[in-house]
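Right, one structure below, let's go through it.
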Amino acid sequence: MKIVVDFDLCESNAICMQIAPDIFEVRDDDFLYVLNEEPGEEDRARVDECVQRCPKQAISVQG
Amino acid sequence: MTRRSITIVGASLAGIRAAESLRRQDFDGAITLIGDELHAPYDRPPLSKQFLAGDWETDRLTLTQPDKLDDLDLDLRLGVRAASFDLDSRRLGLADLEDQSSEELVVDGLLIATGARCRTLGGAEGLDGVFVLRSLDDSLAIRAAFDAGPARVVIVGAGFIGAEVAATARTQGLDVTMIESLPQPLSRVLGDEMGGVCADLHREHGVDLRTGVGVEAIEGDGHVERVRLNDGSMIEADVVVVGIGVIPNTEWLEGSGLTIDNGVVCDATCLAAPGVTAAGDVACWPNRRFGEVMRVEHWDNAVAQGAHAARRLLVEDDEAEPFIPVPWFWSDQYDRKIQMAGRIGLDDEMHIATGSLAERRFAAIYGRAGRLVGVLGFNRPRHVMRYRMLIEEGVSFEDAIAAEI
């Protein structure tokens, strides 16, 4: 599974960071950083939740 | 819990996320999703921002891509309104808004997500140029009115919707007057000091903001011409947008056997009656985390509660979990992102954790009875989310003040 963030859409609401802080981090510069772009299958449920909960629908998953 | 079928009434955010949640839980029974608009499920936040500004078109509002919608294998009934429900017989009455036909379904599981509608000002009905903003069609109508180049736009109500519409109109170069009956915008939610920060934001962007004054009448001959205020003043207006809150859509449930009181009354797990749950703007439930009965009108809550209420229909009573979110929302106005998490009371202790009100980039945290209960941020998304996590952890206000964020 590969995480793709559309940074034109992302507004750093940081919902994803709350759900999966080991994968997504909004830093002091208020930009989102993806810490792990290819998490394992065990993380799929959490990543799916990030996709669902993103207010900007900026996150998608390939594979 | 084995269910044959689940009917979801309301095809907006809570309803579609509920349907997706059911399939994710491997529910393979029939799902009927009923919506009273003709549009496929769409996202509302851009309706007061990018879509209203004309920067986005309808394709950007899609909540679920067409192929994913197909995968859900829904019986999707659009342009259909739920007209009645009877808990004992589980009969759901439907009215087709296009051909005026009616129909009755006997439902197994029922999830109510009929949302809310805008309050209106009495007496302004029938005047052209007077709008509310809730639906895609509302936004399209206001957009067309803005495109026509009105000499003056009057916004009634400086809540989040009114404020966002004002910001969009100003960004388009329109003259805007915003009227708020409270002493400051949002002062009932945020208090006068933070309300004042919002007021300054709008005044600096050229909004003629009038606070502490109410609307007496919206007048015109066929088309709106002026707004008369209760301090005797009068404002000429070509376009009026009324944003004075919403009313939960529960009329169709009168006599159903369900309890209605500021929404569909649910237990702590979002269950309104056996096999009946509710989610989103229409649902009222006791949030045990805060010891408070809540009805939450936020985007994020519709997503989370839709999923929760869906799962609730699939589990036995003794397996059901309470729904205990820390409410969170955002509002984009000009270049500011305002976010709030938790519950802010006017008597709470407040501490500016970072930044300053003067630069309008800050996070303020709120404490009650020694606990961290809320956070308000202006352009501080990271802090808001970190403090939201601390609220979930139940930390003391003292520890929240000391926390490294």
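All of the numbers you see were taken from the coordinates with simple rules; none came from a lab. These numbers were taken from a predicted model, which means no experiment stands behind them. A quick note on method: Cβ atoms are made from the backbone with ideal geometry, for glycine too, and the neighbour counts reach across all protein chains shown.
Annotations
- Three-way shape call for segment B:122-183 based on the alpha-carbon gyration tensor, with the a/c threshold at 1.5: rounded
- Over segment B:255-399, Cα pairs under 8 Å with separation of 6+ residues give a relative contact order of 15 percent.
- For chain B, the relative contact order comes to 15 percent (Cα pairs under 8 Å, sequence separation of at least 6).
- At R0 = 41 Å, FRET efficiency that the Cβ-Cβ distance of B:Asp261 and B:Glu316 yields, to 0.05: 0.95
- Residues whose amide H lies under 5 Å from that of B:Ser84, counting only those 5 or more places away or on a different chain, are B:Gly93; hydrogens are built 1.01 Å from N in the peptide plane.
- Separation of segment B:14-79 from segment B:183-248 is 33 Å, based on Cα centroids.
- Here segment A:13-63 and segment B:264-330 have alpha carbon centers that stand 24 Å from each other.
- Estimated Rh, segment A:2-62: Kirkwood, alpha-carbon pairs, angstrom: 11.2 Å
- Under the criterion of Cα pairs below 8 Å and six or more residues apart, the relative contact order for chain A equals 48 percent.
- Long-range HN-HN contacts of B:Leu76 with modeled amide H, under 5 Å: B:Leu33
- Tensor-based shape of segment B:214-263 (alpha-carbon gyration tensor, a/c under 1.5 rounded, otherwise prolate or oblate): prolate
- Label-to-label distance, B:Glu57 versus B:Glu216, with points set 7 angstrom from Cα along the beta-carbon direction: 4.7 nm.
- Cut-off 12 Å (backbone N to label point 7 Å along Cα→Cβ of B:Ser5), residues of segment B:90-117: B:91-92, B:104-110
- Within chain B, helix-based [θ] at 222 nm, where runs of 4 or more DSSP H residues each add -39,500 (n - 2.57), nearest 500: -7000 deg cm²/dmol
- For B:Val154, the residues whose modelled amide H falls within less than 5 Å of its own, excluding neighbours fewer than 5 places apart on the same chain, are B:Thr177, B:Asp238, B:Val239, B:Val240, B:Val241.
- Local charge for B:Asp399 was computed over the other residues whose Cβ lies under 12 Å away, with Lys and Arg +1 and Asp and Glu -1, and equals -2.
- Using θ = phi - 60° and Karplus 6.51 cos²θ - 1.76 cosθ + 1.60, couplings along segment B:70-80 (whole Hz; Gly, Pro as x): 4, 4, 6, 6, 9, 8, 8, 10, 9, x, 10
- Efficiency of FRET from Cβ geometry, B:Ala403 and B:Leu38, R₀ 30 Å, rounded to 0.05: 0.05
- Residue-by-residue Karplus 3J(HN,Hα) for segment A:16-31, coefficients 6.51, -1.76, 1.60, Hz, glycine and proline x: 4, 5, 5, 6, 9, x, 7, 10, 10, 9, 9, 9, 4, 7, 6, 9
- Electrostatic bookkeeping for B:Arg3 treats Lys and Arg as +1 and Asp and Glu as -1; over the other residues with beta carbon under 11 Å from its beta carbon, the sum is -1.
- Straight-distance candidates among the lysines for linking to B:Lys68, with alpha-carbon spacing under 21 Å and chain neighbours fewer than 8 residues away dropped: A:Lys2, A:Lys56.
- Whole-Hz ³J(HN,Hα) from phi, Karplus 6.51 cos²θ - 1.76 cosθ + 1.60, for segment B:56-69, glycine and proline x: 10, 10, 4, 4, 7, 9, 4, 7, 9, 4, x, 5, 5, 5
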